[in-house]
Amino acid sequence: QVQLVESGGGLVQPGGSLRLSCAASRSIFSIPTMGWYRQAPGKQRGLVATITSGGSTNYADSVKGRFTISRDNAKKTVYLQMNSLKPEDTAVYYCNAYLHAANFWGQGTQVTVSS
(Lines give C-alpha, C1' and ligand atoms only; values in the text may rest on other atoms or scores of the structure.)
Protein backbone atom coordinates (compact mmCIF):
# COMPACT_ATOMS: atom_id res chain seq x y z
CA GLN A 1 0.00 0.00 0.00
CA VAL A 2 0.91 3.65 -0.30
CA GLN A 3 -0.48 6.87 1.15
CA LEU A 4 -0.39 9.98 -1.02
CA VAL A 5 -0.54 13.61 0.07
CA GLU A 6 -1.03 16.40 -2.47
CA SER A 7 -0.03 20.02 -2.00
CA GLY A 8 0.50 23.17 -4.04
CA GLY A 9 -3.03 24.02 -5.10
CA GLY A 10 -4.53 27.46 -4.83
CA LEU A 11 -6.00 30.43 -6.65
CA VAL A 12 -4.18 31.68 -9.74
CA GLN A 13 -5.02 34.10 -12.54
CA PRO A 14 -5.46 32.90 -16.11
CA GLY A 15 -2.07 32.51 -17.76
CA GLY A 16 -0.39 31.82 -14.44
CA SER A 17 1.47 28.78 -13.16
CA LEU A 18 1.31 26.36 -10.27
CA ARG A 19 3.32 23.30 -9.27
CA LEU A 20 1.54 20.47 -7.52
CA SER A 21 3.41 17.95 -5.40
CA CYS A 22 2.41 14.44 -4.39
CA ALA A 23 4.38 12.98 -1.49
CA ALA A 24 4.27 9.22 -1.05
CA SER A 25 4.58 7.28 2.20
CA ARG A 26 6.99 4.76 0.68
CA SER A 27 9.53 4.49 -2.10
CA ILE A 28 8.01 5.16 -5.51
CA PHE A 29 10.91 3.61 -7.41
CA SER A 30 9.01 0.39 -8.08
CA ILE A 31 5.52 1.84 -8.50
CA PRO A 32 4.71 1.12 -12.15
CA THR A 33 2.57 4.17 -12.85
CA MET A 34 1.80 7.38 -11.00
CA GLY A 35 -0.35 10.16 -12.21
CA TRP A 36 -2.59 13.14 -11.75
CA TYR A 37 -6.33 13.23 -12.31
CA ARG A 38 -8.82 16.05 -11.87
CA GLN A 39 -12.50 16.48 -11.18
CA ALA A 40 -14.43 19.64 -11.86
CA PRO A 41 -17.84 20.31 -10.29
CA GLY A 42 -20.52 18.22 -11.97
CA LYS A 43 -18.00 16.24 -14.01
CA GLN A 44 -16.33 12.86 -13.73
CA ARG A 45 -12.76 12.45 -12.62
CA GLY A 46 -10.46 12.35 -15.64
CA LEU A 47 -6.85 11.81 -16.57
CA VAL A 48 -4.45 14.73 -16.58
CA ALA A 49 -1.06 13.01 -16.88
CA THR A 50 0.75 9.80 -15.97
CA ILE A 51 4.37 8.77 -15.65
CA THR A 52 5.79 5.25 -15.53
CA SER A 53 8.68 3.97 -13.46
CA GLY A 54 10.75 4.15 -16.65
CA GLY A 55 9.89 7.80 -17.16
CA SER A 56 7.39 7.49 -20.01
CA THR A 57 4.70 10.13 -19.86
CA ASN A 58 1.15 10.48 -21.14
CA TYR A 59 -1.02 13.61 -21.19
CA ALA A 60 -4.62 14.49 -21.80
CA ASP A 61 -4.95 16.42 -25.05
CA SER A 62 -6.30 19.44 -23.18
CA VAL A 63 -3.05 19.91 -21.22
CA LYS A 64 -0.39 18.88 -23.75
CA GLY A 65 2.26 21.55 -24.11
CA ARG A 66 1.16 23.31 -20.90
CA PHE A 67 1.57 20.72 -18.13
CA THR A 68 4.61 18.60 -17.27
CA ILE A 69 4.64 15.57 -14.98
CA SER A 70 7.84 14.41 -13.31
CA ARG A 71 8.94 12.14 -10.49
CA ASP A 72 11.78 12.35 -8.00
CA ASN A 73 12.37 8.86 -6.64
CA ALA A 74 14.81 10.07 -3.98
CA LYS A 75 12.19 12.44 -2.57
CA LYS A 76 9.32 9.95 -3.08
CA THR A 77 7.45 12.75 -4.85
CA VAL A 78 5.62 13.26 -8.12
CA TYR A 79 5.14 16.77 -9.49
CA LEU A 80 2.78 18.43 -11.92
CA GLN A 81 4.04 21.72 -13.34
CA MET A 82 1.09 23.62 -14.75
CA ASN A 83 1.72 26.64 -17.01
CA SER A 84 -0.58 28.87 -19.05
CA LEU A 85 -3.47 27.96 -16.81
CA LYS A 86 -7.02 28.48 -18.07
CA PRO A 87 -10.32 28.81 -16.20
CA GLU A 88 -11.29 25.38 -17.51
CA ASP A 89 -8.38 23.89 -15.56
CA THR A 90 -10.27 24.65 -12.35
CA ALA A 91 -10.80 21.38 -10.49
CA VAL A 92 -9.74 19.25 -7.57
CA TYR A 93 -6.51 17.53 -8.57
CA TYR A 94 -5.84 14.01 -7.27
CA CYS A 95 -2.60 12.06 -7.18
CA ASN A 96 -2.80 8.40 -8.14
CA ALA A 97 -0.54 5.39 -7.77
CA TYR A 98 -1.21 2.11 -9.55
CA LEU A 99 0.37 -0.68 -7.55
CA HIS A 100 -0.32 -4.41 -7.27
CA ALA A 101 -3.36 -4.07 -9.56
CA ALA A 102 -4.92 -1.50 -7.26
CA ASN A 103 -5.41 2.25 -7.43
CA PHE A 104 -4.42 4.48 -4.52
CA TRP A 105 -5.57 8.10 -4.25
CA GLY A 106 -4.65 11.17 -2.31
CA GLN A 107 -7.21 13.50 -0.74
CA GLY A 108 -6.98 16.06 -3.54
CA THR A 109 -5.94 19.68 -3.79
CA GLN A 110 -8.10 22.48 -5.18
CA VAL A 111 -6.88 24.50 -8.15
CA THR A 112 -8.91 27.57 -9.09
CA VAL A 113 -8.07 29.64 -12.15
CA SER A 114 -9.89 32.95 -12.06
CA SER A 115 -9.33 36.65 -12.45
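Counting only residues 5 or more places away or on other chains, whose amide H sits under 5 Å from the amide H of Leu85 once H atoms are built in the peptide plane?
The list, which skips near neighbours in sequence, is Gly15, Gly16.
Give the ranking of Ser70, Ser115 by solvent-accessible surface, highest area first, calculated with a 1.4 Å probe.
Largest to smallest exposure gives the sequence Ser115, Ser70.
If the cut-off is 15 Å between C-alpha atoms, which aspartates and glutamates fall inside it for Lys86, apart from same-chain ones fewer than 8 positions away?
Of all the aspartates and glutamates, those that pass the test against Lys86 - Cα under 15 Å, at least 8 places apart if same chain - are Asp61.
Given a cut-off of under 8 Å on Cα pairs at least six residues apart, what relative contact order in percent is computed for the chain?
Result for the chain is 38 percent.
Quick one: compute a quarter of the convex hull surface over the Cα atoms of the stretch 66-112 and quote it in nm².
Over every viewing direction, the Cα hull of the stretch 66-112 projects on average to 4.1 nm².
When you take every Cα atom in the chain, what is the radius of gyration, and what is Dmax, the widest Cα pair distance, in Å?
Values for the chain (Cα only, Rg and Dmax): 13.3, 42 Å.
For the chain, report the accessible area per residue in Å² (1.4 Å probe, heavy atoms, rounded to an integer).
On the way: 5930 Å² over 115 residues.
Here the residues of the chain average 52 Å² of exposed surface.
Just reorder Trp105, Trp36 by solvent-accessible area, largest first, 1.4 Å probe, all chains present.
The ranking, largest first, comes out as Trp105, Trp36.
For the full complex of protein chains and a 1.4 angstrom probe, list Leu20, Leu47 by accessible area with the highest value first.
Leu47, Leu20
Could you list which residues have their amide H under 5 Å from that of Arg71, counting only those 5 or more apart in sequence or on another chain, with H placed in the peptide plane?
Tyr79
Counting only protein heavy atoms, what percent of the accessible surface of the chain is carbon or sulfur at a 1.4 Å probe?
49 percent
Could you pull out every residue, at least 5 positions away or on a different chain, whose amide H is within less than 5 Å of the one on Ile28? Hs are placed 1.01 Å off N in the peptide plane, and Pro or chain starts have none.
Long-range HN contacts for Ile28: Lys76.
The values are calculated or read from the model by the stated rules, or taken from the named source; none is laboratory data. These numbers were taken from a predicted model, which means no experiment stands behind them. When the accessible area is computed, the model is the full protein with side chains, heavy atoms only, and any ligands, DNA or RNA have been set aside. Shrake-Rupley method; radii C 1.70, N 1.55, O 1.52, S 1.80 Å.
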